[in-house]
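Here the structure is laid out as structure tokens; the discussion comes afterwards.
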Amino acid sequence: KEIAFIFDLDGVIVDTAKYHFLAWRNLANSLGFEFTEEHNELLKGVSRVRSLEILLNIGKVELTDEEKQPLLVQKNTEYLEYVNKMTADEILPGINGLLDYLDEHSIKYALGSASKNAPLILEKVGLFNRFAAIVDGNDVSKAKPDPEVFLIGAQKLNMKPENCIVVEDAIAGVEAANAAKMVSIGIGDANLLSEATFVLSDTTGFTIDFLRNIMK
Ligand code: G6P
Ligand code: MG
């Protein structure tokens, strides 16, 4: 049967998850509280605005929407400093090989990311033109775990949701894939991503054997 892939970006194609973490942690510290990697798991896959709300909750800081605005700018400005230095070297191991494999087998793939910076990041690492479709934070109104981003991706690929395989590193992303009735491959801690159809500890797990196995 015909299948297609939909990839999350941050933490799957490139390791920008670490840059998001650094920028959020600095913001939290500047507001006077600690922000750990464990806290950061809650922000993965979540929109910028929602991420700030979760972060402020962790620090028990209450702000008006007006007061939140400069903080969102501050976080994104720092994040973009890291992004602007990115090169193709920051594509995660196994991803180039995986995309080559999909091209060779004429399997279509799209991007399904919550990030408004997704097109810029893809440009930076030279992958912008490889995706058959790009759905990013500018295209969706409902953030993961809502399935919207992946359903639009399937639509753009002209594929039925049940024939799409989502690759995700975020709990919210795996939930979104499941809500879209798609197959999901979680990248990361199997305990955190236990709702995924398959879990790989990192992107080096995309071997030919693994791909043949899941496409049976
Ligand atoms: C991805 C990341 C999140 C990030 C969100 C919005 O889903 O996993 O950590 O907050 O995108 O990204 P943006 O680049 O628009 O701030
Ligand atoms: Mg991600």
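The values are calculated or read from the model by the stated rules, or taken from the named source; none is laboratory data. In this text, all values refer to a predicted model and were calculated from it rather than measured experimentally. Here the Cβ positions follow ideal geometry from the backbone for every residue, glycine too, while neighbour counts run over all protein chains shown.
What the table shows:
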quantity	calculated
Region 15-40, residues that are without any contact (Cβ under 8 Å) to a residue 60 or more places away in the chain, over 14 Å from N76 (Cα atoms) and either within 19 Å of the chain's Cα centre (by Cα) or within 16 Å of ligand 2 (Cβ to nearest atom) (or both)	E37, E38, H39, N40
From I187, I107, I134, residue being more than 15 Å from the chain's Cα centre (by Cα) and not charged (D, E, K, R)	I107
Search result, residues across region 24-57 that are crowded, with 18+ Cβ neighbours inside 10 Å, within 11 Å of ligand 1 (Cβ to nearest atom) and at negative phi	W24, N40, E41, L43, K44, V46, S47, R48, S51, L52, L55
Odd one out for G186 among (1) away from ligand 1 (no atom under 14 Å from the Cβ); (2) in contact with a strand residue (DSSP E or B) (Cβ under 6 Å, 6 or more places away or on another chain); (3) small (G, A, S)	(1)
Contacts under 6 angstrom Cβ, first residue in region 83-96 being free of Cβ contacts under 8 Å to residues at least 40 places away in the same chain, partner surrounded by 11 or more Cβ atoms within 10 Å (Cβ to Cβ) and in a loop (DSSP other than H, G, I, E, B), 6 or more apart	A88/V125; A88/G126
Residue match in region 173-181 (condition: of a type in the set (D, E), more than 14 Å from ligand 2 (Cβ to nearest atom) and either more than 22 Å from L92 (Cα to Cα) or over 15 Å from the mean Cα position of the chain (by Cα) (or both))	no
Failed item in (1) within 9 Å of ligand 1 (Cβ to nearest atom); (2) in contact (Cβ under 8 Å) with a residue 60 or more places away in the chain; (3) out of contact with any Leu (no Cβ under 8 Å at 6 or more places or on another chain), with E2 passing the rest	(1)
Residue that is of a type outside the set (V, I, T), within 26 Å of F210 (Cβ to Cβ) and within 16 Å of ligand 2 (Cβ to nearest atom), where the choices are G112, G126, G137	G112
Considering residues of region 51-81 that are of a type in the set (K, R) and touching a helix residue (DSSP H, G or I) at 6+ places or on another chain (Cβ under 9 Å) only, the residue nearest to A23 (Cα to Cα)	K75
Complete set of residues in region 77-101 that are aliphatic (A, V, I, L, M) and surrounded by fewer than 18 Cβ atoms within 10 Å (Cβ to Cβ)	L80, A88
Selected residue [closer than 26 Å to A176 by Cβ, within 15 Å of ligand 2 (Cβ to nearest atom) and β-branched (V, I, T)] from V12, V49	V12
Candidate set from region 7-23 (those that are acidic (D, E) and surrounded by 20 or more Cβ atoms within 10 Å (Cβ to Cβ)); member that is nearest to ligand 1 (Cβ to nearest atom)	D10
Per-region count, region 141-174, residues at pLDDT below 95, buried (at least 19 other Cβ atoms within 10 Å of the Cβ) and under 16 Å from K116 (Cα atoms)	2
